[in-house]
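The structure appears right after this line, and notes come after that.
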Number of protein chains: 2
Amino acid sequence: MTKDRKVILYIAASLDGYIAKPNDDLSFLSLIQSTGEDYGYDDLKKSIDTVIMGRKTFDWVMKQIGGVPHPDTDTYVITRTKRPDIGKTKFYTENLSELVRNLKEEKGKNIYCDGGAEIVTELLKEQLIDEVIISIIPVLLGEGTRLFKDGRPEQELTLVSVKQFKSGLAQLYYKRADKI
Amino acid sequence: MTKDRKVILYIAASLDGYIAKPNDDLSFLSLIQSTGEDYGYDDLKKSIDTVIMGRKTFDWVMKQIGGVPHPDTDTYVITRTKRPDIGKTKFYTENLSELVRNLKEEKGKNIYCDGGAEIVTELLKEQLIDEVIISIIPVLLGEGTRLFKDGRPEQELTLVSVKQFKSGLAQLYYKRADKI
């Protein structure tokens, strides 16, 4: 599977493009969590064997669930400050793009980018994200942390599918146009 | 039809939320203009009898097509500098929210908000947009003019429909949740 290993961004955002309200408030996600619908997360997890995520996102999830976000999956938490491993979770202080390029050269399943915005921006700057699955929450948050920051190169995408869920979630699935 | 008159935002944006690249470059729209598909514009035009748009957007379209954007429809161009009417096109220098509130009290068909970002932001700040139809172009532009600026109130939406087009355009249709 060398060279076929893809980096998949799977993330939720409001219609106006925020992944959190000010102060890392994610309460808007509860808008779509009531129906028990399958938003494809289990399928995603089956297709990947590695997770990359930012340190702030990691700490936020740790605080919420009281444990590492992906205990059964090799996880790289991108951070400037080294911490000891927690099981399969490693804290990575070197160059993110280099890590991803190296992982893509190794055999393995896909790589799940679990946010946050800083990691997404850095990977998009280096055009290292191959697939984007965005779950759009039916709300205009008005302000907060933007998923897509300014200052990235233009990148054409191919729309694979759109899905509408009863909860009001709209899920858009794209691949890089130059990888089709 | 008093009180049922809706303000409809019908607009195209890139997946990362821009309506133009720097220098008002709209060339990315050509990505989805090749297939001759019906993105619902004619239906929209039949449902409205009034257009509201910003002065910059107006001037941009004038320059592109060499005439007013909506010659057959009452159009309010929101501007700080008065100009003489051009047929059904009026240049409006007073308070935008007041204009929209007054129009909504009059009998008539719906009101089409044709952008740009400044007008959208002002109307969203006053919660005066009733329906949002966003056509998402399959590209990450990386930088440009954002459709949704910061500093608006939170507003819940109800997802009405999602449509996928061969061109790669994904169209999301929302109504204000408190107006359902």
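Key figures for this structure:
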| quantity | calculated |
| --- | --- |
| Single condition B:Val120 does not satisfy, out of (1) in contact (Cβ under 8 Å) with a residue 60 or more places away in the chain; (2) more than 12 Å from the chain's Cα centre (by Cα) | (2) |
| All positions within region A:20-70 that are out of contact with any helix residue (DSSP H, G or I) (no Cβ under 7 Å at 6 or more places or on another chain), in contact (Cβ under 8 Å) with a residue 40 or more places away in the chain and of a type in the set (A, V, I, L, M) | A:Ala20, A:Leu29, A:Leu31, A:Ile32, A:Leu44, A:Ile48, A:Val51 |
| Subset of region A:129-179 (residues that are in contact (Cβ under 8 Å) with a residue 24 or more places away in the chain, more than 7 Å from chain B (Cβ to nearest Cβ), among the small types (Gly, Ala, Ser) and surrounded by fewer than 22 Cβ atoms within 10 Å (Cβ to Cβ)) | A:Ser135, A:Ser167 |
| Criterion (touching a Lys or Arg at 6+ places or on another chain (Cβ under 8 Å) and away from every other protein chain (no Cβ under 14 Å)) met by exactly one of B:Thr121, B:Thr93, B:Thr89 | B:Thr93 |
| Leading residue by the ranking (farthest from the chain's Cα centre (by Cα)) among those in region B:86-102 that are among the β-branched types (Val, Ile, Thr) and not in a helix (DSSP H, G or I) | B:Ile86 |
| 2 or more residues under 25 Å from B:Val162 (Cα atoms): qualifying strands (runs of 3 or more DSSP E) within region A:104-180 | A:131-137, A:155-164, A:170-176 |
| Any hit, region A:89-104, residues being touching a residue at least 40 places away in the same chain (Cβ under 8 Å), within 23 Å of A:Tyr41 (Cα to Cα) and among the basic types (Lys, Arg) | yes |
| When residues of region A:71-95 are limited to those that are touching an Asp or Glu at 6+ places or on another chain (Cβ under 8 Å) and of a type in the set (D, E, K, R), the one surrounded by the most Cβ atoms within 10 Å (Cβ to Cβ) | A:Asp74 |
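Matching residues to (1) modelled with pLDDT of 95 or more; (2) of a type in the set (Gly, Ala, Ser); (3) farther than 22 Å from B:Leu15 by Cα:
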| position | (1), (2), (3) |
| --- | --- |
| A:Asn23 | no, no, yes |
| A:Ile32 | no, no, no |
| A:Glu37 | no, no, yes |
| A:Thr50 | yes, no, yes |
| A:Thr73 | yes, no, yes |
| A:Gly87 | yes, yes, yes |
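The values are calculated or read from the model by the stated rules, or taken from the named source; none is laboratory data. Treat the numbers as computed from the prediction; the structure is a model and nothing was measured. Note that we place each Cβ from the backbone using ideal geometry, even for glycine, and neighbour counts take in every protein chain shown.
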